[in-house]
Amino acid sequence: MDRKLTKRGITERLFWCVLIAPSVLIVTLFIVVPIIDSIIKSFTDYKLANIVRNTAPEWNQFANYIKLFDSGILTDSVWVTFTFVLVTTTLSLVIGMSLALVLNSEIKGARVFRSLMMTPWVVPTVISALVWIWIYQPQYGLLRYLVNIVTFGRVSDFAILNSSKTALIGVITVALWKQIPLMTLLLLAGLGNVPTDVLEAAQLDGANGVTGFFKITVPYMSSVIKTSVSMIMIDNFKQFPLFWQMTSGGPNGSTTTLAVLSYKEAFIGHNFGSGAAVTTIWMLIMILFVFCYNKLFPKADLD
Amino acid sequence: MGGRVMNTRTRKLLLNILKWAVLIVVMLFLLFPIYWVVLTSFKTNMESYLYPPTFLPQAPTLDGFINLFTNYPEFFVYYKNNIIVSAAATVLVCFIAIFSGYALSRIKINWSKYAIAFLLFSQMFPVVSRLISLYGLLRGVGLLNTMTGLVLAITAGQLPFSITLMASFFDAVPMDLEEAAYIDGSSRVSTMFKVVIPLVVPGLLAVGIYSFLQTWDDYLYASTLIQNDALRTLSTGVTLRYLGELSYDWSLVNSISVVGTLPMVFVFFFFQKYMIKGLTAGAVKG
């Protein structure tokens, strides 16, 4: 009996391995190996010439890192990245939650709105950028017109992406436009888990809407909020196409995030070693960030 | 006095006004840009240059679309390439995810825990980091500038989330069904194919549609791993061709936006039920 069990255990393990092998293989070859390889290359002088002539890159005494820190562009882009991620994620949680609460109440047409609101989410990112570049267009754009009306003609040539003060706001707006639908959808699913009888009982006991929301709704939804926020936050950390298309990191580096900086170094400047140094630091930041996030908001017990 | 009654009634009214205000403002923000693009795509190029802009087309025209369909054949090459890449990656993702998801959910050994951690961890890192290295590695094995290389790289990026999502669908299938099949003498493999997999078809659909939307959206992989114009996908093709010098033809650009988005809108609204179920299942479970 015992022998039979272990024999069965072995076949189970073998079967598991066979089933899981293709995914582990692809993920290892196309994600894990490249990541390790890029960390190694971040310590070398690795340029296009190395790839073309197929010569091994040489160790360069942390030159990539030293150059990045000395020029100050790295710290600037860390700052831009954090501003973008924190502002966008917070606003998308607040706006998404407001919309979810409204759609979850017995409001007329909630079903239609629920499905219509998803539209921006299915618009490809590159096309979202096109949509908003057109709205932001400095001469004929809708935004220029609206700003002109709202300020009674005082600001008549508003070009949001052309000023280093407002360009990031311009990109954040588009990122929000694209992600609020998903945020709302996830939060709506979470709201469905909040027991209405508990909320009603609290209301009978005299709790008003705001107290009910913070004391009952939010705790019940904590795991949904946590997972959707971390999902959207990681997406925001990785955001590249919006920046690249709308501002290419400018004006004056005001929208140069880590993603833009690493891409520019590697694929525009063809200095792959320097690009790899940026992504290596970026990875360290991500690990630290996720670690702190998990410490700050420990995972609620689901079971 | 009835003051209290009045009070609750005004409060209810105010709350209602607030609700509608939130709804209208957010919905306008989300939907007006779509209207604006569709509107511009039906304007003549002259009209799209009017300032102040017109909010209804003065003379609706299909010129933008006709122009796109007749003068820009490469746009449809990008389109076709994108369909091929997304479809191939989606099929591959689904095929791999269903077996891996089954293993992670149904074979109760502690290796599964580590495999899930491995997958989730790999997903967290910046894509540019992989690409810097893949550029050299794929070139070395002759896969740079090929659809195969692009599809494999995209598939790898999509796998971790898809597998964990798939596993959560398998988790939802009751164990009893399987055990009943075992008692009837059915083997593990045939139970997997005949009993368990048919029950997760809706989940597989969700994973498939999600992957399709995600891979359709790719820009980074295609822009770095493909340099040959004949192999470009929509995102990179559009950016390189129409965003630079041609960006003065706004009626064309907006027609491109409409044509490039329509398939996604159809896919989404047609499969909406599965999509929403899939996405929320993934997030609510965590």
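Every number in this text was worked out from the coordinates using simple rules, so none of it is lab data. Predicted model only: the values in this text are computed from it and were never measured. Every residue, glycine among them, receives a Cβ derived from its backbone with ideal geometry; neighbour counts consider all protein chains shown.
Which of the helices (runs of 4 or more DSSP H) contained wholly in segment A:201-303 include at least 1 residues that are in contact with a strand residue (DSSP E or B) (Cβ under 8 Å, 6 or more places away or on another chain)?
Here the list reads A:272-296.
Looking at segment B:25-35 only, could you name the residues that are surrounded by fewer than 19 Cβ atoms within 10 Å (Cβ to Cβ) and either more than 19 Å from A:M97 (Cβ to Cβ) or at the interface with chain A (Cβ under 10 Å from one of its Cβ atoms) (or both)? Break it down into steps so the answer makes sense when it comes.
From segment B:25-35, those surrounded by fewer than 19 Cβ atoms within 10 Å (Cβ to Cβ) are B:25, B:27-29, B:31-32, B:35; that's our starting set.
Once the filter is applied, which keeps residues that are surrounded by fewer than 19 Cβ atoms within 10 Å (Cβ to Cβ) and either more than 19 Å from A:M97 (Cβ to Cβ) or at the interface with chain A (Cβ under 10 Å from one of its Cβ atoms) (or both), segment B:25-35 yields B:V25, B:M27, B:F29, B:L31, B:F32, B:Y35.
Being at the interface with chain A (Cβ under 9 Å from one of its Cβ atoms), more than 23 Å from B:G208 (Cβ to Cβ) and not β-branched (V, I, T), is that true of even one residue in segment B:139-158?
yes
Quick one: how many residues across segment A:162-216 are over 30 Å from A:G253 (Cα atoms) and either facing chain B (nearest Cβ under 9 Å) or without any contact (Cβ under 8 Å) to a residue 40 or more places away in the chain (or both)?
Going through segment A:162-216 one residue at a time, the tally reaches 30.
Got at least one residue in segment A:236-248 being of a type in the set (D, E, K, R), facing chain B (nearest Cβ under 10 Å), on the phi < 0 side of the Ramachandran plot and over 20 Å from the mean Cα position of the chain (by Cα)?
Taking every residue of segment A:236-248 in turn, none turns out to be of a type in the set (D, E, K, R), facing chain B (nearest Cβ under 10 Å), on the phi < 0 side of the Ramachandran plot and over 20 Å from the mean Cα position of the chain (by Cα).
Going by the conditions given, is A:A49 of a type in the set (G, A, S) and more than 17 Å from B:A97 (Cβ to Cβ)?
So A:A49 passes the test.
What residue, of B:L177, B:L159, is buried (at least 16 other Cβ atoms within 10 Å of the Cβ), touching a helix residue (DSSP H, G or I) at 6+ places or on another chain (Cβ under 8 Å) and either within 30 Å of A:G275 (Cβ to Cβ) or not polar (S, T, N, Q) (or both)?
B:L159
Which of the residues belonging to segment B:36-73 are within 21 Å of A:I149 (Cα to Cα), surrounded by fewer than 16 Cβ atoms within 10 Å (Cβ to Cβ) and touching a residue at least 60 places away in the same chain (Cβ under 8 Å)?
B:Y49
Out of all the residues in segment A:109-159, which are surrounded by fewer than 17 Cβ atoms within 10 Å (Cβ to Cβ) and within 30 Å of B:L213 (Cα to Cα)?
Selection gives A:G109, A:A110, A:R111, A:V112, A:S115, A:L116.
Before we move on, is B:P33 within 20 Å of B:V259 (Cα to Cα), without any contact (Cβ under 8 Å) to a residue 60 or more places away in the chain and touching a helix residue (DSSP H, G or I) at 6+ places or on another chain (Cβ under 7 Å)? Break it down stepwise before answering.
Values: within 20 Å of B:V259 (Cα to Cα): yes; without any contact (Cβ under 8 Å) to a residue 60 or more places away in the chain: yes; touching a helix residue (DSSP H, G or I) at 6+ places or on another chain (Cβ under 7 Å): yes.
So B:P33 fits the description; yes.
Is at least one residue of segment A:75-91 closer than 30 Å to A:N252 by Cβ, more than 14 Å from chain B (Cβ to nearest Cβ), part of a helix (DSSP H, G or I) and over 25 Å from the mean Cα position of the chain (by Cα)?
no
Look through A:R114, A:R154 and report the one residue that is in contact with a Leu (Cβ under 6 Å, 6 or more places away or on another chain) and of a type in the set (D, E, K, R).
Numbers: A:R154 fails: in contact with a Leu (Cβ under 6 Å, 6 or more places away or on another chain).
So the residue among A:R114, A:R154 that is in contact with a Leu (Cβ under 6 Å, 6 or more places away or on another chain) and of a type in the set (D, E, K, R) is A:R114.
What residue, of A:L25, A:L48, A:L29, is hydrophobic (A, V, I, L, M, F, W, C), touching a residue at least 60 places away in the same chain (Cβ under 8 Å) and surrounded by fewer than 18 Cβ atoms within 10 Å (Cβ to Cβ)?
Only one candidate qualifies: A:L48.
Tally the residues that are more than 28 Å from B:K277 (Cα to Cα), touching a residue at least 24 places away in the same chain (Cβ under 8 Å) and assigned to a loop (DSSP other than H, G, I, E, B), restricting the search to segment B:143-199.
Going through segment B:143-199 one residue at a time, the tally reaches 3.
Out of curiosity, is A:I268 β-branched (V, I, T) and surrounded by fewer than 22 Cβ atoms within 10 Å (Cβ to Cβ)?
Against the criterion (β-branched (V, I, T) and surrounded by fewer than 22 Cβ atoms within 10 Å (Cβ to Cβ)), A:I268 qualifies.
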